[in-house]
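The values are calculated or read from the model by the stated rules, or taken from the named source; none is laboratory data. For clarity, every value in this text was computed on a predicted model and none was experimentally measured. Ideal geometry is used to build each Cβ from the backbone, glycine not excepted, and the neighbour counts take in all protein chains shown. In case anyone asks, the SASA skips ligands and DNA or RNA and just uses the protein heavy atoms, side chains included. Shrake-Rupley method; radii C 1.70, N 1.55, O 1.52, S 1.80 Å.
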Amino acid sequence: MRPAIRYPLSAIPCLLLLASAAQAQTARAPQHGVRPARLAIRNAMIIEGNGTPASGPYDILLEGNLIANVVALDPVALRGGTARRPAADAEIDATGKYVMPGLINIHGHVQEERGGLPQPLDYELKLWLASGVTTVRDVGSDTRKTIALREASAAGRVAAPRIVVYASFGGGGDGVDTRGIRTAEDARARVRTLKAMGADGIKIVGIDRDILEAMEDEAAKAGLPIAHHVGVEETTVWDDVKFGTRSIEHWYGVPDAALVGGVQGFPSGYNYNNEVDRFRWAGRLWREADPEKLGSVLQAMVDAKVAWNPTLVIYEASRDLQRAQGQPWFKDYLHPTLEEYFRPNPANHGSYFIGWSSTDEAYWKENYRIWMAALRDFARRGGIIGVGEDAGFIYQLYGFALIRELELQQEAGFHPIKVLQHVAMNNARILGMEGRIGRVRSGHLADLLVVNGNPLEDLKVLYPTGTETIRDGKAVHTGGVEWTIKDGIPYHGPTLLREVKEIVAAARTAKP
Ligand SMILES: [Zn+2]
C-alpha cells in the first residue's frame, strides 16, 4: 500500500502569499550576502532534517530571517501553468537540487592563530559557510572575542555562521586566571563569572570529581549546559551521567567507564602528557572495554539524556595517516599557517605523528570498529548522537571536516537520512535550539542549504569543491552547496570558496 502524501500544515495555501507563476518569474536572483525581504526557492526537493525521507517539489518562501511558507506544488497545475506559487523579490531555481537545513557544527573552535602565527578569521568563517555550516558551537576559544563574533553574526554585520559560545572552564585566553580553581567554591565562582560574561554554556576538559560536581550544580542553577571532553582522567562518563552533562565530546570516557579493572593496561613508561604515548594507547582503549559493562554505560547515558558527539573525523589520521595528509582540498585551500601547524611537532597539540607505524594504524582501525559498533548500540537504545568537527587540529580543515564526519557516521552504519538528522535536528536539540533551527519547517529560522545534487545518494556532494559523476557516459563535475542561507541571508557557495582561495594564495605569496 502506498502511504498517503503528508502535507505539512505550512503547505496549506495562503492566498495572500500566492501569485501566479507568470508573476513569480519576474523576480531576480538573490545578491550574495544581502538579505531580500522575500526570497523564494522554487521547485525544491526537501530533506527536512528530522529523519524523514526526502519529498518534493516545493516552493519555499523566506520572509526576512524566517521560513514563512513551504508550498507543495501540484504537478497537474504546474504542467497547466495554473499552479499558485508564492511571490517574492528574489528567487533561486532549485530544479534538480535538494534543500536541507543548514549544517550545525557542535564542536568548532574559532581560531585567529595557530601555534602563535596569525590566521585571518575570515578564512575559517568563509570555509564554514561554503561547506553549508550555518551554526557553530564554539567549545573553548577566547571567550570575549567569540562573544563579540556571536553578536556581530547575529546582527548580520559579518559573514559567519551563528555562534554559540561554550566558554572554557579552565580558561581560554579570556583573561580570567583559573589557577585559582582549587575548591568547590572556586568552581562555583568561575561558573558565575562565565555566566556574567555572557557564555551560552561551558566546555570542560581534564577535571576532578569534586570540582565537576560543584561546577555542574552551579551551572545548572545558571542555566548553562555542559560539554565534556572526557579524557582518560579521574572522571568518566559515570560522572557525567550522575551530574547532568549535556554532551560527551569525543569518546575516551565511554570505554574508560567500562574497564573491568578500572584502568587501561598501560606500559610502565607511559606518560599521559606525551602525545605520542597518549594517542598510541588511546588506539588500544576500545578493545579493553568489557562489552557487558559498556552496554550499561551506554544505557545510563541514554537514561540521563547525555548526548554523544563522537568527532570520528578528528582521529582519522591515526588510522590512516596518508589519507589525512593528502586531502585534495589542501592544494588550494590550506592556509600556510595551518599547514605549518599540522607539521609533526611535539610543541603543537595533535601533531604527534612521529614514528607513527602500521601497527598503530592497525590498532586504530580496530578501535574505530568497536567505537562505531558502540555508536550504533547507543542509537539503538535511544541515545542522541550529534555531529562536530574539531577542525584546526590533526589535518582537519574547517567545514570539509564536518562533511567527512557525516561520511564516517554513514560508515558507522547509519542511513544517510539519519546522518543528516544527527547534524540537523539532533544538534539543534543538543543546543536547546530545537523549534528554531535544524529543520526545513515553516516558522523556523531561515538557515537552509541549496545543494547541487542529492546528499542522500552521496554525502560527498556537500563538499564545497563538489565531486565527479558520470552522466550520459561523460564525467561531469557536480555537487557543492550552491547557496548557504543563514538567517535569511543568501551566501553563494562558489563565491565564498573563490574568496578563500584568494586568501590562501595571498598568504602563500607573502610567506618569506
Ligand atoms: Zn576541540
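Looking across the stretch 236-275, the residues that are open to solvent by less than 50 Å² (accessible area, probe 1.4 Å), within 16 Å of the ligand (Cβ to nearest atom) and of a type outside the set (A, V, I, L, M, F, W, C) come down to 245, 247, 249, 250, 252, 253, 275. Each residue in the stretch 211-235 was checked for being among the small types (Gly, Ala, Ser) and crowded, with 24+ Cβ neighbours inside 10 Å, and 2 pass. Output yes when any residue across the stretch 103-119 is at pLDDT 95 or above, assigned to a helix (DSSP H, G or I), open to solvent by less than 10 Å² (accessible area, probe 1.4 Å) and within 16 Å of the ligand (Cβ to nearest atom), and no when none is. Scanning the stretch 103-119, I find no residue that is at pLDDT 95 or above, assigned to a helix (DSSP H, G or I), open to solvent by less than 10 Å² (accessible area, probe 1.4 Å) and within 16 Å of the ligand (Cβ to nearest atom), so the answer is no. Test of understanding: among 453, 443, 392, 399, which residue is on the phi > 0 side of the Ramachandran plot and open to solvent by 40 Å² or more (accessible area, probe 1.4 Å)? Answer to the selection: 443. Restricting the search to helices (runs of 4 or more DSSP H) fully inside the stretch 351-459 and requiring at least 3 residues that are under 18 Å from residue 133 (Cβ atoms) gives 400-411, 416-421, 427-430. A search for C-beta distances below 6 Å between a residue of the stretch 360-377 that is under 13 Å from residue 279 (Cα atoms) and any residue that is surrounded by fewer than 17 Cβ atoms within 10 Å (Cβ to Cβ), counting only pairs 6+ apart in sequence or on different chains, returns 363/284. Here residue 88 qualifies as assigned to a loop (DSSP other than H, G, I, E, B), open to solvent by less than 30 Å² (accessible area, probe 1.4 Å) and away from the ligand (no atom under 16 Å from the Cβ). Among residues that are in contact (Cβ under 8 Å) with a residue 40 or more places away in the chain, in contact with a Pro (Cβ under 6 Å, 6 or more places away or on another chain), farther than 26 Å from residue 431 by Cα and open to solvent by 40 Å² or more (accessible area, probe 1.4 Å), residue 354 is included. Here are 486, 474, 511: which of them is of a type in the set (D, E, K, R) and open to solvent by less than 40 Å² (accessible area, probe 1.4 Å)? Result of the check over 486, 474, 511: 486.
Filtered by the rule that a residue be farther than 24 Å from residue 482 by Cβ, of a type outside the set (Asp, Glu), outside any strand (DSSP E or B) and at pLDDT 95 or above, the stretch 146-171 gives 146, 147, 148, 149, 150, 152, 154, 155, 157.
The test for being closer than 30 Å to residue 35 by Cβ, touching a helix residue (DSSP H, G or I) at 6+ places or on another chain (Cβ under 6 Å), among the acidic types (Asp, Glu) and modelled with pLDDT of 95 or more does not hold for residue 200. Scanning the stretch 310-350 for residues that are of a type in the set (D, E, K, R) and in contact (Cβ under 8 Å) with a residue 40 or more places away in the chain, we see that the one that is nearest to residue 384 (Cα to Cα) is 316.
Does the stretch 468-493 hold any residues that are farther than 19 Å from residue 329 by Cα, free of Cβ contacts under 8 Å to residues at least 40 places away in the same chain and assigned to a strand (DSSP E or B), and which are they? Correct list: 470, 471, 474, 475.
The set of residues in the stretch 227-271 that are touching a helix residue (DSSP H, G or I) at 6+ places or on another chain (Cβ under 8 Å), assigned to a strand (DSSP E or B) and in contact (Cβ under 8 Å) with a residue 60 or more places away in the chain comprises 247, 248.
Quick one: in the stretch 297-329, of everything that is in a loop (DSSP other than H, G, I, E, B) and within 16 Å of the ligand (Cβ to nearest atom), which residue is surrounded by the most Cβ atoms within 10 Å (Cβ to Cβ)? Among them, the one singled out is 310. For the stretch 382-401, the candidate set comprises residues that are within 13 Å of the ligand (Cβ to nearest atom) and within 18 Å of residue 319 (Cα to Cα); within that set, the residue that is nearest to the chain's Cα centre (by Cα) is 389.
Cβ contacts < 7 Å: first residue within 16 Å of the ligand (Cβ to nearest atom) and of a type in the set (Ser, Thr, Tyr), restricted to the stretch 121-149; second residue at pLDDT below 95 and open to solvent by less than 10 Å² (accessible area, probe 1.4 Å), any location; separation 6+ or different chain. Result? Close Cβ pairs (under 7 Å, with a partner that is at pLDDT below 95 and open to solvent by less than 10 Å² (accessible area, probe 1.4 Å)) amount to 143/174.
Against the conditions (1) within 16 Å of the ligand (Cβ to nearest atom); (2) open to solvent by 40 Å² or more (accessible area, probe 1.4 Å), residue 332 satisfies every one except (1). Condition first: closer than 21 Å to residue 107 by Cα and in contact (Cβ under 8 Å) with a residue 60 or more places away in the chain. Now tell me which residues in the stretch 430-444 satisfy that. Hits for the stretch 430-444 are 430, 431, 432, 433, 437, 438, 439. Taking the listed residues 191, 205, the one that is aliphatic (A, V, I, L, M), open to solvent by less than 40 Å² (accessible area, probe 1.4 Å) and either modelled with pLDDT of 95 or more or closer than 24 Å to residue 390 by Cβ (or both) is 191, with no other qualifying.
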